[in-house]
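J.: Once you've had a glance at the structure underneath, I'll fire off some questions.
The values are calculated or read from the model by the stated rules, or taken from the named source; none is laboratory data. All values derive from a computational prediction rather than experimental measurement. Don't worry about glycine lacking a Cβ; one is built from the backbone with ideal geometry, like all the others, and counts go over all protein chains shown. Keep in mind that these areas ignore ligands, DNA and RNA; they rest on the heavy atoms of the full protein, side chains included. Shrake-Rupley method; radii C 1.70, N 1.55, O 1.52, S 1.80 Å.
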Amino acid sequence: MEWRALTVEDDPVLRWVGLDSSKRVNANQPVLVLHSTPAFAQEFFEAEDLQAVGQKMLDRAAEKVLPWLDRPELLQVHRWRYAFVNRELKETCLVSAVPLPIVCCGEWCGGRTVEAALASGMAAAIEVGKLLK
C-alpha cells in the first residue's frame with residue numbers, strides 16, 4: 001500500500017509529512033511536503049538560512065519515516081510567518097449576517113491542525129449552503 005501523508009505524533013520537529021501530487025518537479029515525481037511543529041517554527045522564526053532549517057526537517061523525516069528523505073534533488077522552504085494561532089475559536093466556523101453575510105473558517109476554528117481546518121471548511125460549506133437557500 002502506498003502512503004500519501006503521515007501525521008507525526010509527539011515529535012519536537014515534525015507535525016506532518018505528505019506527498020503533494022498537485023505540485024511536481026517533473027511528470028513522475030510528486031513533491032514531498034513537511035510541516036513543522038509550532039515550537040520548531042517559533043525557534044527558527046527569524047532564521048536567515050532557511051536551507052539549513054529545511055535540512056533539519058529533512059534529517060528528522062529521514063529518522064522518522066524513510067532514510068533517503070534527507071537527500072532531496074531540490075529543497076524549497078516556505079515559511080508562514082503569520083499563520084500561528086494563539087487562541088482558537090471553539091466553534092468550527094464563524095457566521096455573521098451583519099453588515100453582510102460572511103462565513104469564516106480555518107485552523108483557528110476548533111483547533112490548530114490541518115484536520116481542524118478541514119472540519120472547519122466543511123462546517124463553513126454547510127453554513128454557506130444554508131445562506132444560499
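J.: Can you tell me which residues in region 47-86 are under 12 Å from L14 (Cα atoms), open to solvent by less than 40 Å² (accessible area, probe 1.4 Å) and either in contact with a Pro (Cβ under 8 Å, 6 or more places away or on another chain) or free of Cβ contacts under 8 Å to residues at least 12 places away in the same chain (or both)?
T.: Within region 47-86, L58, A62 meet the criteria.
J.: On the given criteria, is L69 at pLDDT 90 or above and in a helix (DSSP H, G or I)?
T.: No; evaluated as a whole, the condition is false for this residue.
J.: Of everything in region 33-46, what is open to solvent by less than 60 Å² (accessible area, probe 1.4 Å) and either in contact with a Pro (Cβ under 7 Å, 6 or more places away or on another chain) or assigned to a helix (DSSP H, G or I) (or both)? Give them in sequence order.
T.: Hits for region 33-46 are T37, F40, A41.
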